[in-house]
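Some notes on the structure that comes next.
Read-outs: derived from the displayed coordinates by stated rules, not from any lab. Quantities reported herein were computed from a predicted structural model and do not represent experimental measurements. Here Cβ is always computed from backbone atoms with ideal geometry, including for glycine, and neighbour counts include all displayed protein chains.
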């Protein structure tokens, strides 16, 4: 899907869910602007929208540093307060 459009039935094959259920999930992704779909006859294909996740990637990058600082502080706190075995 990242490199070329994918047929929905092929996407569904590895999952143990009914095709209509998978279509509901794909509809949510399409409504969110992450994928597009096209129907030719009975075959529906989906494609990723280029750049659709760029905003999320930037936001996660901004969150990473504060989260890492909190994890570092937690690690220091646990190292100081956890009794040593021995």
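Results, tabulated for the structure shown:
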read-out	value
Of all residues making up the range 48-86, the number that are in contact with a strand residue (DSSP E or B) (Cβ under 9 Å, 6 or more places away or on another chain) and loosely packed, with under 10 Cβ neighbours inside 10 Å	0
All positions within the range 29-47 that are within 26 Å of residue 57 (Cα to Cα) and either surrounded by 11 or more Cβ atoms within 10 Å (Cβ to Cβ) or touching a helix residue (DSSP H, G or I) at 6+ places or on another chain (Cβ under 9 Å) (or both)	29, 30, 34, 35, 36, 37, 45, 46, 47
Qualifying positions in the range 1-16 - farther than 17 Å from residue 40 by Cβ and surrounded by fewer than 11 Cβ atoms within 10 Å (Cβ to Cβ)	2, 3, 13, 14, 16
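Residue-wise test of (1) in contact (Cβ under 8 Å) with a residue 60 or more places away in the chain; (2) part of a helix (DSSP H, G or I); (3) under 18 Å from the mean Cα position of the chain (by Cα).
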{"site": "29", "(1), (2), (3)": "no, yes, yes"}
{"site": "33", "(1), (2), (3)": "no, no, yes"}
{"site": "36", "(1), (2), (3)": "no, no, yes"}
{"site": "44", "(1), (2), (3)": "no, no, no"}
{"site": "50", "(1), (2), (3)": "no, no, yes"}
{"site": "56", "(1), (2), (3)": "no, yes, yes"}
{"site": "68", "(1), (2), (3)": "no, yes, no"}
{"site": "71", "(1), (2), (3)": "no, yes, no"}
{"site": "78", "(1), (2), (3)": "no, yes, no"}
